[in-house]
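The values are calculated or read from the model by the stated rules, or taken from the named source; none is laboratory data. A quick note: this is a predicted structure, and the numbers were derived from the prediction, not measured. Heads up, the Cβs are rebuilt from the backbone with ideal geometry, glycines too, and the neighbour counts pull from every protein chain shown.
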Amino acid sequence: MTDDQVRVEASIRFLSAEGGGRSSPLFGGTSYRPNHNFFGPDDREMCMGFIELPEGQQVAPGETIQTQMTLWIYPAVKPELNVGRQWRIQEGGKLVAVGTIIKVLDSVA
């Protein structure tokens with residue numbers, strides 16, 4: 001993986017605890033850097049990404065948010081970064097959310 005970065009605006013739908021997602025909320029002002037998987041549940045080459053939450057914001061399992069985030073990507077991911085593209089957000093191998101790109105904020109040329 002390279003250290004290429006891209007910023008996107010995304011809708012992120014967190015799975016409920018009953019649906020296999022996180023059992024605790026996220027809190028703004030802390031670093032949340034789950035794995036981002038663009039190529040399916042069996043893919044082992046994932047991107048690192050930082051989901052930005054404002055100080056004081058809390059996101060409970062089962063909620064959907066719209067936020068800006070930074071992804072550290074490798075070359076095979078660049079063509080995948082298009083408006084409407086969905087991807088898996090994982091903690092290790094566990095699916096915790098699904099992201100959808102709303103807008104690419106940086107060039108991925």
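From the list VAL83, VAL104, exactly one residue is of a type in the set (A, V, I, L, M), on the phi < 0 side of the Ramachandran plot and touching a residue at least 24 places away in the same chain (Cβ under 8 Å). Which is it?
Details: VAL83 fails: touching a residue at least 24 places away in the same chain (Cβ under 8 Å).
So the residue among VAL83, VAL104 that is of a type in the set (A, V, I, L, M), on the phi < 0 side of the Ramachandran plot and touching a residue at least 24 places away in the same chain (Cβ under 8 Å) is VAL104.
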Qualifying residue in the stretch 34-53 (condition: aromatic (Phe, Trp, Tyr) and not in a strand (DSSP E or B)): yes
Where VAL83 falls short, out of the listed (1) loosely packed, with under 12 Cβ neighbours inside 10 Å; (2) at pLDDT below 95; (3) not hydroxyl-bearing (Ser, Thr, Tyr): (2)
Among (1) at positive phi; (2) assigned to a strand (DSSP E or B), the one test that GLY29 misses: (2)
Every pair of residues 6+ apart whose Cβ atoms lie under 7 Å, when the first sits in the stretch 16-42 and is touching a residue at least 60 places away in the same chain (Cβ under 8 Å) while the second is part of a loop (DSSP other than H, G, I, E, B): GLY21/LEU15; GLY21/PRO61; ARG22/PRO61; HIS36/MET46
Selection status of ILE51, surrounded by 12 or more Cβ atoms within 10 Å (Cβ to Cβ), within 15 Å of the chain's Cα centre (by Cα) and in contact (Cβ under 8 Å) with a residue 40 or more places away in the chain: no
Among (1) exposed (fewer than 13 other Cβ atoms within 10 Å of the Cβ); (2) in a loop (DSSP other than H, G, I, E, B) - the single one GLN66 does not satisfy: (2)
Residue match in the stretch 31-40 (condition: surrounded by 14 or more Cβ atoms within 10 Å (Cβ to Cβ) and closer than 13 Å to SER11 by Cα): no
Test: residue in the stretch 15-28 that is surrounded by 14 or more Cβ atoms within 10 Å (Cβ to Cβ) and either under 21 Å from ASP106 (Cα atoms) or of a type in the set (Phe, Trp, Tyr) (or both): no
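So, in the stretch 78-109, how many residues would count as being part of a helix (DSSP H, G or I) and within 18 Å of ILE51 (Cα to Cα)?
Just the residues of the stretch 78-109 that are part of a helix (DSSP H, G or I), to begin with: 78-80.
So of that shortlist, the ones also within 18 Å of ILE51 (Cα to Cα) come out as none.
Selection size over the stretch 78-109: 0.
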